[in-house]
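Input: a single structure, listed below in structure tokens.
The values are calculated or read from the model by the stated rules, or taken from the named source; none is laboratory data. Computed from a predicted structure; not experimentally measured. Backbone-built Cβ (ideal geometry, glycine too); neighbour counts: all protein chains shown.
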Amino acid sequence: MDINRLKWASRRGMLELDLLLLPFVEQIYPQLSGEDQARFHRLLACEDQDLFRWLLDREEPEDPDLARIVAVIRGTRERIRL
């Protein structure tokens, strides 16, 4: 998926998610391994409510691959420039 389509897919309509996902795609995603990029694509297929709970530290995904990319996103929050 090219970066523009990825940015579009990352726009969720929830401010909290948009503030995490869009800068992540622009600043961090290009540096990820191919495996983590694939995990991010899978993450984008999840429901917004699940993403909200996972990315804002309220729950952990049961799927280990999704838990890995959620941890990566959480770990980069301080590095992302808004």
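Just one of (1) under 11 Å from the mean Cα position of the chain (by Cα); (2) not in a helix (DSSP H, G or I) fails for PHE40. It is (2).
Looking only at residues of the stretch 8-37 that are under 11 Å from the mean Cα position of the chain (by Cα) and among the aliphatic types (A, V, I, L, M), we find that the one that is surrounded by the fewest Cβ atoms within 10 Å (Cβ to Cβ) is LEU19. For the stretch 43-56, taking the residues that are aliphatic (A, V, I, L, M) and outside any helix (DSSP H, G or I), the one that is surrounded by the most Cβ atoms within 10 Å (Cβ to Cβ) is identified as LEU56.
Determine, yes or no, whether ASP65 is in contact with a Lys or Arg (Cβ under 7 Å, 6 or more places away or on another chain), surrounded by fewer than 15 Cβ atoms within 10 Å (Cβ to Cβ), among the charged types (D, E, K, R) and in a helix (DSSP H, G or I). Here the answer is yes, as ASP65 does meet what is asked. Screening GLU59, GLU78, GLU26 for residues that are touching a Lys or Arg at 6+ places or on another chain (Cβ under 8 Å) and either at pLDDT 95 or above or outside any helix (DSSP H, G or I) (or both) leaves exactly one candidate, GLU59.
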